[in-house]
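Quick note: the coordinates plus some simple rules give every number you see, no bench work behind them. Everything quoted here is computed from the prediction, not taken from an experiment. No Cβ is skipped: glycine too gets one built from the backbone with ideal geometry, and neighbour counts run over all protein chains shown.
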Amino acid sequence: MQDRTSHIISKQLEMLNRHLAVAKRDLESLLKEEKPRIALRDGSTHSFRKEELEKISRILPRELHPRLMLPIYIELSDKYGKGTARISGSSECKVVAHVLGREAPGDEFFVYRPELKKLRKELPTTTQYMFTLALNYSGGI
């Protein structure tokens, strides 16, 4: 029963995350394109606003442009608690911390509900929600 339940939940998460990129792209290469975009898992494409990419390029030193992979995922998971999301990656954390006016702690950064609204307003095309679930079974659901 547990394997079947895990399989069903896994499939549901795949459906929730169909809007995510097939592969992320680095800031440096996206800045060189006239119409920067990525392919999505659902077969569609996602376009980045050039002005938004340029804004991010002013936040990060040029040597970090090849390291910043876009879009920045805002990970929502039951393991972080209600209203809490996680950003991972050193360059990604630097960008998000700057936008929110906070110190960048390293390669993992937690963002809270009021900050999510500000982050998505400032970086609508370069951030995306990603859904994860911590499966902790203790004999039942």
### Crossing angle, helix 90-100 versus the chain [Cα axis fit, 0-90 degrees, rounded to tens]
80 degrees
### Task
Using the number of other C-beta atoms within 10 angstrom as an exposure proxy, rank Glu92, Glu122 with the fewest first.
Glu122, Glu92
## Note on the structure
Nearest 10, in degrees from 0 to 90: the angle of helix 50-59 to the longest Cα principal axis of the chain is 80 degrees
### Task
Specify the angular offset, from 0 to 90 degrees and rounded to the nearest 10, of the alpha carbon long axis of helix 113-122 from the longest principal axis of the alpha carbons in the chain.
40 degrees
### Message
Students often check this: by mean Cβ neighbours within 10 Å, which of 93-105, 3-15 ranks highest, and how do the rest follow?
### Response
93-105, 3-15
### Query
In the chain, what percentage of the DSSP-assigned beta bridges are antiparallel, given to the nearest 5?
70 percent
### Query
Using r as the Cβ-Cβ distance of Arg102 and Leu16, and R0 as 25 Å, what FRET efficiency do you calculate, to the nearest 0.05?
0.35
### Query
Net charge near Phe109, counting Lys/Arg +1 and Asp/Glu -1 over other residues with Cβ under 13 Å of its Cβ?
-3
